[in-house]
1. Being part of a helix (DSSP H, G or I), surrounded by fewer than 14 Cβ atoms within 10 Å (Cβ to Cβ), without any contact (Cβ under 8 Å) to a residue 12 or more places away in the chain and within 10 Å of the chain's Cα centre (by Cα) is the requirement here; does ASP45 meet it?
2. I want to confirm something. Restricting to region 57-69 and keeping residues that are at pLDDT 85 or above, of a type in the set (D, E, K, R) and assigned to a loop (DSSP other than H, G, I, E, B), which single residue is nearest to GLU35 (Cα to Cα)?
3. Taking only pairs six or more apart or across chains, which ones have beta-carbon atoms under 8 Å, a first residue in region 60-74 that is in contact (Cβ under 8 Å) with a residue 40 or more places away in the chain, and a second residue that is among the β-branched types (Val, Ile, Thr) and surrounded by 12 or more Cβ atoms within 10 Å (Cβ to Cβ)?
4. With respect to ALA38, is the statement that it is touching a helix residue (DSSP H, G or I) at 6+ places or on another chain (Cβ under 9 Å), surrounded by 14 or more Cβ atoms within 10 Å (Cβ to Cβ) and within 18 Å of ASN20 (Cβ to Cβ) true?
Amino acid sequence: MKYLTLVAALAFSASAMAVNCTDCHETINVEEHTEMEATIATCNDCHDMGSAHELDKEIHTPELTMKECADCHE
């Protein structure tokens, strides 16, 4: 039973980790997006993020900057 709990905890923690965006997308120019003061709220101005991704609203607040995104995602 201990091992089942351990395996379940490991599976959950792996699913909760940040994904590697570059698996599907080209890398973004973090410097350029930082200069433009890009945030999650402004992504849809240039990109169609809303229809492609469902973000966890507790972690991904609208004022989150691209530089902060790059801290967890590639």
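The values are calculated or read from the model by the stated rules, or taken from the named source; none is laboratory data. The structure displayed is predicted, hence computed values, not measured ones. Virtual Cβ from ideal backbone geometry, glycine too; neighbours counted across all protein chains shown.
1. Details: part of a helix (DSSP H, G or I): yes; surrounded by fewer than 14 Cβ atoms within 10 Å (Cβ to Cβ): yes; without any contact (Cβ under 8 Å) to a residue 12 or more places away in the chain: yes; within 10 Å of the chain's Cα centre (by Cα): no.
No.
2. GLU63
3. Matching pairs, first to second residue: ALA70/ILE28; ALA70/VAL30; HIS73/VAL19.
4. No.
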